[in-house]
1. Look through segment 118-158, keep the residues that are over 17 Å from THR45 (Cα atoms) and hydroxyl-bearing (Ser, Thr, Tyr), and return whichever of them is surrounded by the most Cβ atoms within 10 Å (Cβ to Cβ).
2. What are the residues in segment 337-350 that are under 14 Å from ASN324 (Cβ atoms) and surrounded by fewer than 19 Cβ atoms within 10 Å (Cβ to Cβ), if any?
3. Going by the structure shown, is ILE170 surrounded by fewer than 13 Cβ atoms within 10 Å (Cβ to Cβ) and of a type in the set (A, V, I, L, M)?
4. Of all residues in segment 129-158, count the ones that are in a strand (DSSP E or B) and over 30 Å from PHE59 (Cβ atoms).
5. Kindly provide the set of residues from segment 287-308 that are within 14 Å of ILE337 (Cβ to Cβ) and either assigned to a strand (DSSP E or B) or not assigned by TED's automatic domain parsing to the domain that holds GLN327 (or both), ordered by number.
6. Considering LYS412, LYS336, LYS362, which residue is modelled with pLDDT under 90 and in contact with a strand residue (DSSP E or B) (Cβ under 7 Å, 6 or more places away or on another chain)?
7. Does GLU284 satisfy the condition of being at pLDDT 85 or above and part of a strand (DSSP E or B)?
8. Pick from segment 271-290 the residues that are among the hydrophobic types (A, V, I, L, M, F, W, C) and exposed (fewer than 13 other Cβ atoms within 10 Å of the Cβ): which of them is farthest from ALA317 (Cα to Cα)?
Amino acid sequence: MKILKEPLGLFTIIFSLLLIFFCFFQVFYFKFYLNQSITTKVENTLDQVEGKLSDYVKFLENFYKIPFIPEFAELPESKGWLLELVDFLEDLFKREKFLSIAIFYQRELFLSWNYKEKVFPFKACQNQIIEEGSLLKALRKTILENKEYCIYLTLDISFYKNTLKKYLLINLIFCLLTLVVVFYLYFRFEEAEERKREAERKLQAEKELALLGRMAATLAHELRNSLNNLFLLLQANATSENPLQKQILNEVKRLLEWTQEILLFHKEIKITPQYFNPEDILFEIKLLVVQSGKRVKIDIENMVEHIYGDPFWLKRAFENLAKNSLQAVSEEGEIKITLKKEGKTYIFEIYDSGEKIPDELKEKIFEPFYSSKKEGFGLGLYLVKKVMEAHQGKIEIENLKETGKIFKLLWKEP
């Protein structure tokens, strides 16, 4: 996993594991603490009952000089001690909220509070504490003057269990919220780092692109001068009877167009927007398609009287899209151009019947020097994108269901 390969991600995982361990440790410790508290409470209660019972038995045996028998409780001399023991147990019963208390002498019921059974509840009288659902049953074996007494009590521990459940729920919510916050902060930090890295990559790419542009512009400038001289010489000496000269002129003209693209690529786009009539530009685009030599069906529909923008750069953008569509269609393809306005938004659409643009290439084709064609430098669509960015606009591509695609330029008037 990627998160484990990064120091921050590894630290986040370790912190999360430690947090989970700490939460579980808290729950187990709290459970242990409650169990110890209940056990200590029960043991202390049994100790107090055992002490009072021992005082009572010793008093009766010392007073009557005979071993203890249950019937001692009926004698007048034992009434005071018995009432004191009863008062103590009743007070304990109310204060500690025990459900029942019973004292057995030789497994026969001697004294009880809220104890409804008449028989001894265990097989043997031995010290033990048993948890049954929400009840806690405790048994204490006591030997007084070689005689066996059993003290039995029950305690409702539902309150403690509910407390443990509430603590478990609160602890779980706390852990989950903490984990959510930790991972949220981690992913936000990763997003910020990724944006920073992406910005650095873009800055580096822009620096390299600027350097390449300056080099290409210098070369293109010198090359254009030589090509212009060569073009003028060939044009002055060309004859209609020599097809080779005509072909050379076309190739030189194409080289001049490429050098012009490179020079425009290097040039910073500074627009001077204004309102102007687009009819002349649309006519030149139609003429460009007609003179291409392809038998392409061209249709232009203009729905506006004027548009707002820089005439020079918008013309370059429209022409580049037209050239792109012209290269995409077959010999008898179709191109349709529409210029319209919706609200304050101008829309220039150019449809061609060529192949669709795959979704994964809809962004890539606007990168500089990317081209799927054999000719050109891949700067035409890049220039269109830069022109739209200068006009605070955007460019969209729509693949049609049947065939072909539509390039859309959208920009607004102020």
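The values are calculated or read from the model by the stated rules, or taken from the named source; none is laboratory data. Here the structure is a predicted model, which means the values were calculated and not measured. Using ideal geometry, Cβ is built from the backbone for each residue, glycine included, and neighbour counts are taken over all protein chains shown.
1. SER134
2. GLU349
3. Spelling it out, ILE170 is indeed surrounded by fewer than 13 Cβ atoms within 10 Å (Cβ to Cβ) and of a type in the set (A, V, I, L, M).
4. Result for segment 129-158: 6.
5. The answer is LYS297, ILE298, ASP299, ILE300, GLU301, ASN302, ILE307.
6. When all the criteria are applied, what remains is LYS362.
7. Taking the combined requirement at face value, the residue does not satisfy it.
8. Of everything passing the filter in segment 271-290, VAL290 is farthest from ALA317 (Cα to Cα).
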